[in-house]
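Laboratory data are not the source of any read-out in this text; all were calculated from the coordinates shown. Note that the structure is a prediction, hence the values are computed from the model and not measured. Every residue, glycine as well, gets a Cβ built from its backbone with ideal geometry; the counts of neighbours run over all protein chains shown.
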Amino acid sequence: MTQQLNGKRIAILATDGVEEVELTEPRKALQEVGASTEVIAPKSGQIRAWNHTDWGDSISVDRTLDQADPGEYDALLLPGGVMNPDHLRLDERAVNFVRAFFQAQKPVASICHGPWMLVEADVARGRKVTSYPSLKTDLRNAGAEWVDEQVVVDRGLVTSRKPDDLPAFIEKTIEEVAEGVHHSAPV
């Protein structure tokens, strides 16, 4: 396997209730192509993942939001799960963390319910996105063009609908991280 992301650092913003496979599968794939990843959460220790219909594994937190500097990372991964972004969007530190990646025009990948963070950070406006279907109205109200597609890429932002879309989501995420900063992306 190619090491096309050697030296790239990826922040994975998550908390309790993150959909397990939406964190673990992209993380594994990013590491396999040379990236280093860190789980960033509001609290230290571990977060508890959700596995489809019940609690899943615990995932170790590498840094808290208070310890993490968006400037130290090359890209951001926002996994879904209903509870995960619903809790994170109430934390101003998490919202500011997401907004910082867009201000720096760095790649961001968000799947399923993860795009709720795009709404909360007010960075969806003028972008073509997809998500879990229940977020369609929220994203449209936030000024995004919502489409029902497996994966959508818009100026460094990768979005997908659900765990079934993970292969396409991972492929496009790796491509966008390899491309790096998207200078034409509006703030």
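What the table below lists for this structure:
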quantity	calculated
Contact order relative to length of the chain, as percent, for alpha carbon pairs under 8 angstrom and 6 or more apart	20 percent
Calculated Rg/Rh (Cα atoms, Kirkwood Rh) (choose from (i) 0.98; (ii) 0.94; (iii) 0.92), label	(iii)
Beta bridges per DSSP with both ends in the chain, % antiparallel, nearest 5	30 percent
Burial ranking of peptide ranges 78-88, 171-181 (average Cβ count within 10 Å, highest at the top)	78-88, 171-181
Cβ-based net charge around Leu90, under 13 Å, with every Lys or Arg adding one and every Asp or Glu removing one	-3
Protection proxy ranking of 123-132, 12-21, 94-103 - average other beta-carbon atoms within 10 Å, highest first	12-21, 123-132, 94-103
Helix-only [θ]222 nm of the chain, DSSP H runs n ≥ 4, -39500 (n - 2.57) each, per residue, nearest 500	-8500 deg cm²/dmol
Burial ranking of peptide ranges 136-147, 50-61 (average Cβ count within 10 Å, highest at the top)	136-147, 50-61
Listed pairs Lys28/Lys136; Lys43/Lys106; Lys136/Lys162; Lys8/Lys43; Lys8/Lys162 exceeding 22 Å between Cα atoms	Lys28/Lys136; Lys43/Lys106; Lys8/Lys43; Lys8/Lys162
Two-decimal ratio, the stretch 1-80, of alpha-carbon radius of gyration to 2.2 N^0.38 Å	1.07
Whole-angstrom gap from the stretch 32-62 to the stretch 79-117, using each part's C-alpha centre	15 Å
Ranking of Leu30, Leu77 by count of other Cβ atoms within 10 Å, fewest first	Leu30, Leu77
